[in-house]
Amino acid sequence: MAKRPVPLYDFAAFGQAIKAARTARKESHKDVSDAMNISPRYLTNIENKGQQPSLQIFYELVTRYNIS
């Protein structure tokens with residue numbers, strides 16, 4: 001059976017939305033990373049480099065900041 005190509009999504013816009021929401025709430029990387037049990041570097045990479053978050057982290061960020 002042939003493998004289906006995996007569609008790639010550019011998470012840069014998502015990262016920008018998360019960063020804007022976080023800064024609007026005046027939350028630091030450390031505040032959020034401690035609350036979500038992730039490293040500050042991981043959050044920085046999501047926000048600034050468009051790194052694809054895990055499904056769980058994606059859901060938690062969307063829920064935390066009410067991003068749709």
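Coordinate-derived values only; no laboratory data. Every value quoted in this text rests on a predicted model; they were computed, and no experiment measured them. Because the Cβ atoms are built from the backbone with ideal geometry, glycine has one as well, and the counts that use them run over all protein chains shown.
Tabulated values for the structure
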read-out	value
Search result, residues across segment 50-61 that are in a helix (DSSP H, G or I), surrounded by fewer than 16 Cβ atoms within 10 Å (Cβ to Cβ) and not aromatic (Phe, Trp, Tyr)	55, 56
Single match in 27, 47 (criterion: acidic (Asp, Glu) and part of a loop (DSSP other than H, G, I, E, B))	27
Total residues in segment 41-68, condition under 15 Å from residue 25 (Cβ atoms) and either of a type in the set (Gly, Ala, Ser) or more than 10 Å from the chain's Cα centre (by Cα) (or both)	5
